[in-house]
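Have a look at the structure below before the remarks.
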Amino acid sequence: MLKKIFATMCLLFNFVFADAQQFTSRDLIGRWQNARVKGGNVTFLTKSTGLWLSNDGFLYNKMNYSTNDRKDVIELKFTYEIDRKHPKYARFKIKFLNDSTFLMRYLWGIPKNADTSNKKVAVYKKIKKELPDTEMRYPTYKDILGVWGSKLKDTTRYEKFTFVDTSTLYIQTSTQGLNKLRYTIDFKKQPIPLDIYYQDKLIKQCFIGFYNRDAIRLEHFEPNKRGDHFTVFGGNAHLYREKEKAVVNKQ
C-alpha cells in the first residue's frame with residue numbers, strides 16, 4: 001500500500017512540476033525553423049547575438065538582441081544594424097509551448113491560449129540536429145552573379161544590374177543606356193558594401209541586403225557619402241533576380 005501511495009505522489013509531483021515549468025531566454029539558444037515559412041531559420045548563438053538563415057545556412061542577417069523574461073512571455077528586442085552607432089530595434093513577443101516549440105509575434109501580444117494552429121503567430125520548431133551542408137555561410141559571388149531588375153510600373157525609376165563576374169558590372173537605367181563598370185564587394189559586412197568604378201574612378205557607393213535568394217535591397221550613395229546603415233529616404237531600390245539568362249550587349 002505504501003509503495004502505491006509513494007508512486008502516486010511521484011506521478012502527481014512530476015505532473016505539477018511539468019505544468020509549472022517556466023521557460024526563459026536561456027531556452028532560446030539553438031537553431032529554430034519557421035514551421036510555415038520553410039526557408040526561414042533563426043539561430044540564437046549567445047544571450048545577445050543571433051542569425052537569420054535559410055534552411056541550407058545562407059546568411060540573410062546577423063542580429064544583436066536583448067530579452068526581458070516575463071511570467072509566460074519573453075520580450076525580444078533585436079536589430080540588424082549591428083555596426084550602426086545608434087541602431088533601430090524591432091520588438092517581438094515569444095511564448096514557449098514546450099522545449100522544442102515556441103510562438104512569436106511582431107509588436108502585438110500573443111493571444112491567450114494560442115497554439116500552433118493560430119494564424120496570428122509564427123511557429124518555430126527547434127532543429128535538434130543540423131543536417132550536413134546546412135552550416136551558416138555568408139553570401140558569395142555565386143549568389144550575386146546574374147541579372148537583377150526592378151519591377152516598378154514607373155519606368156522613370158527602372159534599374160537593371162548585371163553582375164557578370166567577380167569584377168564586371170553592367171548598369172542600365174531608364175535614363176541611361178548600358179554602361180560597363182567595375183565593382184568591389186565585401187560579403188562579410190552588414191549591410192554589404194558595394195563600390196562601383198568607371199575605369200579607376202569611384203562613381204557610386206551602395207549598400208546591398210538580401211531579402212531572400214532572389215530579392216535584394218540596394219541603396220545608392222554619392223562617393224564618400226555612405227554611412228553605416230540603410231536610410232529610409234534616398235536612392236533605394238528593390239531588385240529581383242531575372243530567371244532567364246540575359247544577353248548583354250558588349251559593344
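Classification of the stretch 30-100 by its C-alpha gyration tensor yields an oblate form. The axis ratio a/c (a ≥ b ≥ c) is 1.5 or more, and b/c is at least a/b.
Given the pairs 142/188; 95/126; 128/243; 85/120, which span a C-alpha to C-alpha distance of over 23 angstrom in this model?
Flagged as over cut-off: 128/243; 85/120.
If Lys and Arg each add +1 and Asp and Glu each add -1, what is the summed charge of the other residues whose beta carbon sits under 9 Å from the beta carbon of residue 241? Its environment carries a net charge of 0.
Set the Förster distance to 41 Å, then compute FRET efficiency between residue 236 and residue 98 from the Cβ-Cβ distance, nearest 0.05. Intermediate results must be reported in sequence, preceding the final value.
Working: r = 41 Å, r/R0 = 1.01.
Rounded to the nearest 0.05, the efficiency is 0.50.
I need the calculated FRET efficiency for the pair residue 180 and residue 157, taking r as the beta carbon distance and R₀ as 25 Å, to the nearest 0.05. In this case the efficiency is close to 0.70. Projecting the Cα atoms of 239, 89, 166 onto the charge dipole of the chain (Cβ charges, centred on the Cα centre) puts 89 farthest toward the positive pole.
Fully extending the segment from residue 188 to residue 69, taken as 0.36 nm per residue of separation minus the present Cα-Cα distance, adds 39.6 nm. Partners of residue 201 within straight-line reach, counting lysines whose Cα lies under 20 Å from its Cα and excluding those fewer than 8 residues away in the same chain: 180, 225. Peptides 56-68, 227-239, ordered by how many other C-beta atoms sit within 10 Å of their residues on average, highest first, read 56-68, 227-239.
Karplus-based coupling profile of the stretch 190-206, in residue order and whole Hz: 9, x, 6, x, 10, 10, 10, 10, 9, 6, 10, 9, 6, 10, 7, 10, 9, with θ = phi - 60° in 6.51 cos²θ - 1.76 cosθ + 1.60 and x standing for Gly or Pro.
When Lys and Arg each count +1 and Asp and Glu each count -1, what net charge do the other residues less than 12 Å away from residue 232, Cβ to Cβ, add up to?
Working: positive: 88, 217; negative: 219.
The answer is +1.
For residue 211, the residues 5 or more places off, or on other chains, whose built amide H falls under 5 Å of its own are 216, 217. The order of 148, 108 by accessible area, most exposed first and with a 1.4 Å probe, is 108, 148. Across the stretch 212-220, coupling constants 3J(HN,Hα) worked out from phi with the 6.51/-1.76/1.60 Karplus curve, θ = phi - 60°, read 7, 4, 10, 8, 9, 9, 9, 10, 8 Hz, and Gly and Pro carry x. Charge dipole (Cα centre; +1 on Lys/Arg Cβ, -1 on Asp/Glu Cβ; no other charges) of the chain amounts to roughly 560 debye. Compute the Cα gyration tensor for the stretch 150-241, then decide on rounded, prolate or oblate, letting a ≥ b ≥ c be the square roots of its eigenvalues: rounded whenever a/c is under 1.5, prolate when a/b is larger than b/c in the other cases, and oblate in all that remain. Cα axes put the stretch 150-241 in the rounded bin.
So, R0 is 41 Å and r is the distance between the beta-carbons of residue 107 and residue 29; what FRET efficiency does that work out to, to 0.05? Write out the running numbers ahead of the final one.
Numbers: r = 24 Å, r/R0 = 0.59.
That gives a FRET efficiency of 0.95.
Estimated purely from DSSP H runs of n ≥ 4, each contributing -39500 (n - 2.57), the mean residue ellipticity at 222 nm for the chain is -2500 deg cm²/dmol once divided by its residues.
Calculate the length of the line joining the C-alpha centroid of the stretch 145-210 to that of the stretch 51-118, in whole Å. So the two Cα centres are separated by 33 Å.
Per residue, the chain exposes 64 Å² of accessible surface when a 1.4 Å probe is rolled over the protein heavy atoms with every protein chain present.
Packing-based ranking of 92-99, 169-176 yields 92-99, 169-176, ordered from highest to lowest mean Cβ neighbour count within 10 Å. Helix 2-19 and the longest principal axis of the Cα set of the chain meet at an angle near 30°.
Counting GluC sites (Glu not before Pro) as exposed when in a DSSP loop with at most 12 other beta carbons within 10 Å, what is the longest stretch of the chain free of them?
On the way: sites that count: 135, 244.
After excluding every exposed loop site, the longest remaining stretch is 1-134.
The values are calculated or read from the model by the stated rules, or taken from the named source; none is laboratory data. All values reported here derive from a predicted model rather than from experimental measurement. All Cβ positions, even for glycine, are placed from backbone atoms using ideal geometry, and neighbour counts span all protein chains on display. All accessible areas refer to the heavy atoms of the entire protein, side chains included, with ligands and DNA or RNA removed. Shrake-Rupley method; radii C 1.70, N 1.55, O 1.52, S 1.80 Å.
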